[in-house]
Every structure is written in structure tokens, then in C-alpha cells.
Amino acid sequence: MTQQVGDYVLQRLREWGVEQVFGYPGDGINGLVAAFGRADDQPRFVQARHEEMAAFQATGYAKFSGQVGVCTATSGPGAIHLLNGLYDAKLDHVPVVAIVGQTARSAMGGSYQQEVDLQNLFKDVASDYLVEVNVASQLPNALDRAFRTALTRRAPTAVIIPADLQEEPYEAPTHEFKQVPSSAPGLAMPTAITAARAEIQRAAELIDAGSRVAILVGQGARSALREVVELAELTGAGIAKALLGKDVVPDDLPFVTGSIGLLGSRPSYEMMRDCDTLVIVGSNFPYAQFLPDYGQARAVQIDIDGTMIGMRYPTEVNLVGDAATTLTELNGLLHRKSDRAWRETIEKNVARWWDTIERQSMLQAKPVNPMRVVWELSQQIPDDAIVTADSGSSTNWYARCLRFRDGMRGSLSGTLATMGAGVPYAIGAKFAHPDRPAIALVGDGAMQMNGLAELLTIARYYPRWRDPRLVVCVFHNNDLNQVTWELRSMGGAPKFEESQTLPEVSYAEVARSMGLVSMTVDDPDQLAGAWKAALSADRPVVLDVHCDPEVPPIPPHATFEQLKSTAEAVVRGDPNARHLLAQGAKTKAQELIPRSTGKSDA
């Protein structure tokens with residue numbers, strides 16, 4: 001029987017080790033969908049509720065597996081829907097291949113139904129590799145280059161296949177002019193790219209000359225935990241983490257200061273404020289105002305991608321190389337600092353910070369303090385858990401309150417910071433690691449945007465996962481809370497209820513109707529038991545936690561202008577102004593309580 005193009009595409013994906021393709025059907029990929037139907041082995045077709053969710057699921061899969069995520073969609077509207085998820089992959093440097101349908105070749109240029117100029121549509125998001133396949137013999141080279149480019153550049157790529165071509169007989173490229181062959185699928189990426197020895201020596205001399213060293217790590221340091229910790233031990237440094245690097249170094253190390261930036265910790269802010277030497281490893285953290293003042297610190301940066309170096313801080317030595325191998329050579333040249341006063345200060349600040357976070361988490365709220373939701377999770381989370389977070393005020397609590405241990409993984413839409421990635425990321429994580437529990441921390445805005453629909457995807461596929469545990473925790477406060485606080489602190493504007501208030505819905509009831517376990521939590525004393533039950537359930541669980549929207553996500557160093565703007569918002573008639581002020585005052589007050597006095601339940 002003649003092999004059709006659609007069958008060959010699946011064969012090539014199979015040869016690349018692809019186990020599933022996240023997508024949504026449409027007539028622009030009918031030939032591909034039919035091929036899935038004929039196939040009796042992998043890759044399987046995983047049906048999302050929306051093409052954007054398919055792209056997010058592929059991105060989440062790629063983030064947590066280290067392999068290429070694959071998504072597919074029809075022409076026109078389906079292709080357009082992929083864009084947000086693919087831009088998320090592009091900005092967070094994640095390898096994803098999109099296979100996209102197109103109007104039949106005979107109709108192109110005729111303003112045909114669902115005809116969109118996909119070359120123009122994808123030319124930015126898939127700028128590293130984008131191809132439209134118009135004859136079958138293009139396919140091996142096009143698909144292979146898409147995969148190799150995605151892996152090498154850590155970026156999304158796109159292959160456009162017209163609908164009629166998918167149903168034609170497959171013909172391999174021949175050995176003649178204007179035919180382009182390919183090679184066996186696969187790519188052995190280099191594992192030991194080391195910066196130039198002379199530059200590493202310069203970096204060692206710079207670091208040795210400093211007395212107050214700070215380290216900032218991002219996701220690019222994920223394979224270098226041992227080396228980063230050794231660098232911190234040699235130099236007496238503390239380690240701050242960009243949000244995409246939150247899972248790189250465990251929080252139970254006493255010199256790990258936690259997240260940095262608006263969503264970060266006070267010890268990270270203080271360390272950057274007071275250091276004289278900065279070492280950046282695998283991070284593209286963009287907010288320079290949270291790094292040392294210009295001229296205050298001498299700096300070294302290590303990154304595998306030379307195009308990303310020297311953009312965020314005026315670094316003196318730039319080392320292009322793999323984090324682990326470059327740090328191994330660098331550490332071998334460093335002298336251990338005998339004066340540990342700087343380290344002792346960092347550890348004291350870290351210990352005090354975690355005490356402050358616990359006190360803030362235990363404050364009474366109406367009805368549940370959202371900080372306590374994540375604090376209680378930290379007490380019970382399994383060692384092998386994967387945590388995804390959405391964009392919104394819940395991201396603050398993920399960044400500040402969740403204590404990562406070695407072996408745990410976590411991520412979110414770090415650079416694009418798009419709403420709606422938390423639940424599909426968790427689905428992608430479960431396909432990457434079906435034997436590990438996953439937890440999605442999601443605001444009710446993101447749940448209403450797309451998370452509720454994706455509960456159907458969870459209900460459909462969880463029986464395939466060896467460990468069925470996937471907990472979706474909804475921070476239910478009926479407010480688009482992050483933007484509400486931004487309006488207050490940045491513009492002095494009171495909450496505008498028409499844009500900010502969300503319609504009421506029971507997420508627990510919706511989940512229950514889909515066959516999932518669900519719990520409604522409206523009493524903080526129920527949280528510990530709810531997490532215990534959710535993490536021991538025999539199927540996915542939705543925790544519908546009714547949270548107080550007026551618990552403030554106070555930055556580690558609130559500026560006078562931010563405080564002034566928030567006060568102006570109250571004066572201008574912010575709803576619940578009295579409760580907002582009271583909650584903010586007692587939350588901030590916890591930072592002033594000495595460690596020895598214990599907890600406050602003000």
C-alpha cells in the first residue's frame with residue numbers, strides 16, 4: 001500500500017522519538033489526522049480544547065522533559081491560535097516544533113476560505129526555521145531541520161504542509177539537482193562547551209578580588225547545581241534566583257536568598273544592594289533596578305548563548321560556555337575566602353525572611369490568606385513534584401512562599417508572562433513525567449480564561465498516567481488581582497470594578513461535573529487537610545480556595561512612590577479601602593518583628 005505524506009510525517013516524528021503531538025483537528029490537517037487514525041503506535045494525538053492550549057502543552061512538555069515538544073493545528077484560525085503558546089516557547093528558549101496545515105495548493109492566492117499568509121504570520125515567532133512544504137520530497141529535510149534547529153537554538157520552529165499534499169503519495173528525495181536529502185534523525189548536543197581558559201582566569205581574579213560576592217542563577221544553570229553550590233562555598237556568596245531558575249537550587253540551603261525582583265525576597269534585594277561582586281549564571285533577568293547600582297559591583301556572566309550576555313548589567317568578563325563545565329574550571333582557580341562575615345549576614349537575613357513569610361502566611365484574612373495556601377503546600381509537597389504557576393498575583397506566592405527541595409521541578413511563563421499557561425503546562429508535565437505528581441497554582445482569572453476547559457483534557461487523559469495525581473489549586477478571589485494592585489501602586493488608581501471583578505463560579509462544582517475530585521476551602525484551618533487529601537487522591541483534584549484579594553504582594557523594597565500611589569488609590573475611593581489598609585499594614589509589620597519573638601497572628 002502506498003504511503004501517504006501524512007503517514008510519512010508520523011513515521012519521521014516516531015524516528016525522532018516523539019511520543020505525543022498536542023493539537024486540535026481541522027480540515028487543514030485532515031490528512032495528518034487520518035494518518036494518526038491509521039497508526040497503531042506512537043506518536044499519539046493528544047486533543048487539547050484549543051490550539052493555544054496545545055502549544056502551551058507542548059511548551060510545558062519541552063520544559064520538563066528536555067525534549068522537543070510538538071503541536072499541530074489547522075490552517076487559518078487554528079494556526080493563529082498557536083501563536084501565544086509558541087511565543088511563550090520563543091521567549092523562554094524552549095524547543096517546540098509546530099506542524100501547521102494550509103489551504104490546498106490549488107486554491108492559494110485565491111482568497112480561499114481559511115487562507116492566511118502563514119509565512120508572514122509565523123516569520124517572527126519561528127524566525128530560526130520556518131518552511132512551507134510544497135512537494136513530498138522536501139519532507140525529510142524540512143522536518144529534520146525543524147527538530148535540529150529547535151534543539152540547537154532552543155526555539156520554536158514551524159513546518160507548513162498544505163492540506164492536499166498530506167494525502168498524496170510520499171516520494172523520497174532523489175540523487176539529482178534541486179533535490180535536498182537528509183540524514184538519520186537525531187542530534188547529539190555537545191555537553192561540555194567551556195569558555196576560553198584565559199577569560200576564565202580573568203574571571204577568577206575578579207571574583208577573588210571581591211569580598212562580598214553575590215550569585216544570580218537562571219534556568220541556564222539547571223545542570224550545574226553542584227558547581228553553583230561549590231562556587232558559593234568557595235566565595236562565601238549567597239545565591240539569588242531568577243523566576244525561571246527557581247527550581248535550580250533548593251531553598252533548604254541556608255545561603256539561598258530565593259527569588260529576585262518585584263516578586264522576590266528581601267534577602268535577594270539586600271544582597272544585591274550590598275555586594276561588591278556579581279556572578280550571573282544562565283540568567284537573562286531583565287530588571288536592572290534589582291541588580292547592584294552601576295559602578296557598585298564588578299561582574300562576571302556565564303551563558304551558553306553569547307547573544308544573551310552583557311545585556312542586563314555592565315559585566316567585565318563574559319564567559320560563553322556551558323554552566324557546569326565552565327564553573328568546574330572557574331572553581332578550580334578560585335581561593336576559598338576565609339572571612340565568612342558576608343555569608344553569615346546572608347544566612348541571618350535568609351532565616352529571618354522565612355520566619356517573616358511564615359508569619360505573613362499565618363495572618364488572618366477574609367476568608368483565606370493566599371500566602372498560607374502555598375506555605376501549607378510547602379509542608380507537604382512530595383520530593384518529586386512538578387509545580388506550574390500561572391501569571392497573576394498567585395505568581396507572587398509561588399515565587400516567595402514555595403520552598404523548593406532538590407529533585408522538585410517548577411516553571412511558568414517567565415518572559416512572556418502570559419495568563420493561561422499554568423494548567424496546560426501541568427498537562428504537558430504529566431505527559432513528560434507520568435509517574436510524578438504535578439501541581440498547578442492558578443488564579444481564577446486564568447481559570448476562567450482557559451483553565452476550566454482544560455479540566456476536560458485532564459479528565460480524558462489521566463487514566464494513562466502511572467501516577468494520576470494532578471492538583472489544580474485555584475486562588476478564588478473574584479478579582480484580576482495582579483492588575484488591580486498594579487493600578488494602585490503604579491498609577492494611584494482605585495480598583496475599577498468593571499474591568500477587575502470576575503463573575504462568581506464554583507470551580508469545585510465544575511470539576512466535580514467532569515468526574516474529578518474537588519474541594520472547596522473557605523477556612524484556613526482546612527488547608528493542611530485539603531492538601532493532604534489532594535496529594536493522596538487516586539485521580540486529579542481541583543482545590544477551590546476562597547482567598548482574600550486584599551493581601552498585598554508587597555515588593556521586597558517598596559518605594560515611596562509606590563506607597564504614595566497606593567495611598568492615593570485609597571483616597572480616590574478604592575472598594576474595601578479600610579480592609580485593604582489593615583491587611584497591608586499588618587502584613588508589612590511582620591518584617592519588623594525580631595526572630596526571637598515567634599509568630600504573630602495579628
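The values are calculated or read from the model by the stated rules, or taken from the named source; none is laboratory data. A quick note: this is a predicted structure, and the numbers were derived from the prediction, not measured. Backbone-built Cβ (ideal geometry, glycine too); neighbour counts: all protein chains shown. Ligands, DNA and RNA are excluded from the accessible area calculation, which covers all protein heavy atoms including side chains. Shrake-Rupley method; radii C 1.70, N 1.55, O 1.52, S 1.80 Å.
Things worth noting here:
- Evaluation of THR315 against the conditions (1) part of a loop (DSSP other than H, G, I, E, B); (2) among the polar types (S, T, N, Q); (3) open to solvent by 40 Å² or more (accessible area, probe 1.4 Å); (4) over 30 Å from ILE439 (Cβ atoms) shows that the sole unmet condition is (3).
- Scan of region 198-235 for residues that are in contact with a Ser or Thr (Cβ under 9 Å, 6 or more places away or on another chain), polar (S, T, N, Q) and either open to solvent by 40 Å² or more (accessible area, probe 1.4 Å) or assigned to a loop (DSSP other than H, G, I, E, B) (or both), ordered by number: SER211, GLN219, SER223
Condition check ((1) in a loop (DSSP other than H, G, I, E, B); (2) at pLDDT 95 or above; (3) of a type in the set (Val, Ile, Thr); (4) closer than 23 Å to ALA582 by Cβ) across all residues:
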{"position": "PRO468", "(1), (2), (3), (4)": "yes, yes, no, no"}
{"position": "LEU487", "(1), (2), (3), (4)": "no, no, no, yes"}
{"position": "LYS495", "(1), (2), (3), (4)": "yes, no, no, yes"}
{"position": "ARG539", "(1), (2), (3), (4)": "yes, yes, no, no"}
{"position": "VAL545", "(1), (2), (3), (4)": "no, yes, yes, yes"}
{"position": "PRO552", "(1), (2), (3), (4)": "yes, no, no, yes"}
{"position": "PRO555", "(1), (2), (3), (4)": "yes, no, no, yes"}
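- Criterion (out of contact with any helix residue (DSSP H, G or I) (no Cβ under 6 Å at 6 or more places or on another chain), surrounded by 16 or more Cβ atoms within 10 Å (Cβ to Cβ) and over 18 Å from VAL545 (Cβ atoms)) met by exactly one of TRP485, TRP465: TRP485
- Test: residue in region 398-416 that is crowded, with 24+ Cβ neighbours inside 10 Å, under 23 Å from MET514 (Cα atoms), modelled with pLDDT of 95 or more and not aliphatic (A, V, I, L, M): no
- With respect to the stated conditions, TYR287 is of a type outside the set (Gly, Ala, Ser) and within 15 Å of LYS241 (Cα to Cα).
- Taken over region 531-551, the criterion of being of a type in the set (A, V, I, L, M) and buried (at least 24 other Cβ atoms within 10 Å of the Cβ) is satisfied by ALA534, VAL541, VAL542, LEU543, VAL545, VAL551.
- Every residue from region 74-88 that is under 16 Å from PRO424 (Cα atoms) and touching a Phe, Trp or Tyr at 6+ places or on another chain (Cβ under 9 Å): HIS81, LEU82, LEU83, ASN84, GLY85, LEU86, ASP88
- Selection status of VAL18, within 24 Å of PHE285 (Cα to Cα), hydrophobic (A, V, I, L, M, F, W, C) and either open to solvent by 60 Å² or more (accessible area, probe 1.4 Å) or part of a loop (DSSP other than H, G, I, E, B) (or both): no
- A search for C-beta distances below 8 Å between a residue of region 339-367 that is within 16 Å of ARG403 (Cβ to Cβ) and any residue that is of a type in the set (S, T, N, Q) and open to solvent by 10 Å² or more (accessible area, probe 1.4 Å), counting only pairs 6+ apart in sequence or on different chains, returns ARG359/SER600; MET362/SER600.
- Unique residue being free of Cβ contacts under 8 Å to residues at least 60 places away in the same chain and touching a strand residue (DSSP E or B) at 6+ places or on another chain (Cβ under 9 Å) when the list is TYR313, TYR294: TYR313
- Pair list, Cβ under 9 Å, 6 or more apart: region 472-486 residue under 14 Å from PRO503 (Cβ atoms), other residue hydroxyl-bearing (Ser, Thr, Tyr) and open to solvent by 20 Å² or more (accessible area, probe 1.4 Å): HIS476/SER506; HIS476/THR520; ASN478/THR501; ASP479/THR501; LEU480/SER499; LEU480/THR501
- Those helices (runs of 4 or more DSSP H) of region 59-174 in which at least 3 residues are touching a Ser or Thr at 6+ places or on another chain (Cβ under 9 Å), surrounded by fewer than 24 Cβ atoms within 10 Å (Cβ to Cβ) and free of Cβ contacts under 8 Å to residues at least 60 places away in the same chain, considering only elements entirely within it, cover 139-153.
- The helices (runs of 4 or more DSSP H) found entirely in region 330-414 that carry 1 or more residues being under 26 Å from TYR287 (Cα atoms) and within 16 Å of the chain's Cα centre (by Cα) are 393-401.
- Only a single item in (1) part of a helix (DSSP H, G or I); (2) more than 25 Å from ALA426 (Cβ to Cβ); (3) not acidic (Asp, Glu) is not met by TYR462, and it is number (2).
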